[in-house]
Amino acid sequence: QVQLVESGGGLVQAGGSLRLSCAASRSIFSINSMGWYRQAPGKQRELVAVVTSGGSTNYADSVKGRFTISRDNANKNRVYLQMNALKPEDTAVYYCNALTGGYNYWGQGTQVTVSS
């Protein structure tokens, strides 16, 4: 099992930045992939960014060039999502995800609100 706790959400003006943090209960390097998803009101949850245990990354087209997913190589149990040039359409609840052993694990989510 993996427990995930997100932090770092908040209210920011368009064009601003936020960094989300996800703390895992075990080393993320033992987890097949770690990712960030988001869900806006009335919409389905969607992938934002993912990093595999090998270090490969993938991003949704809508965030490429603005968001960066990274791992904490020192503490080995944190994943970050640096969000720059935020837009009102980035407003959503952001969830941390761990995929390992054939199971998906989710955090409780953190709200990101971008005002215009």
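The values are calculated or read from the model by the stated rules, or taken from the named source; none is laboratory data. As the structure is a prediction and not an experimental result, all values here were calculated from the model. When we count neighbours, we look across all protein chains shown, and the Cβ atoms used for this are built from the backbone with ideal geometry, even at glycine. The area values use the complete protein model at the heavy-atom level, side chains included, leaving out ligands, DNA and RNA. Shrake-Rupley method; radii C 1.70, N 1.55, O 1.52, S 1.80 Å.
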*List the number of the failed condition for Gly15; all other conditions in (1) more than 20 Å from Asn104 (Cα to Cα); (2) in contact (Cβ under 8 Å) with a residue 12 or more places away in the chain; (3) open to solvent by 60 Å² or more (accessible area, probe 1.4 Å) hold.*
(3)
*Candidate set: segment 20-57, residues that are exposed (fewer than 14 other Cβ atoms within 10 Å of the Cβ) and either among the charged types (D, E, K, R) or out of contact with any strand residue (DSSP E or B) (no Cβ under 9 Å at 6 or more places or on another chain) (or both); chosen: the one farthest from Asn84 (Cα to Cα)*: Ser27
*Out of the residues in segment 65-93 that are touching a Leu at 6+ places or on another chain (Cβ under 6 Å) and in contact (Cβ under 8 Å) with a residue 40 or more places away in the chain, which is farthest from Glu6 (Cα to Cα)?*
Met83
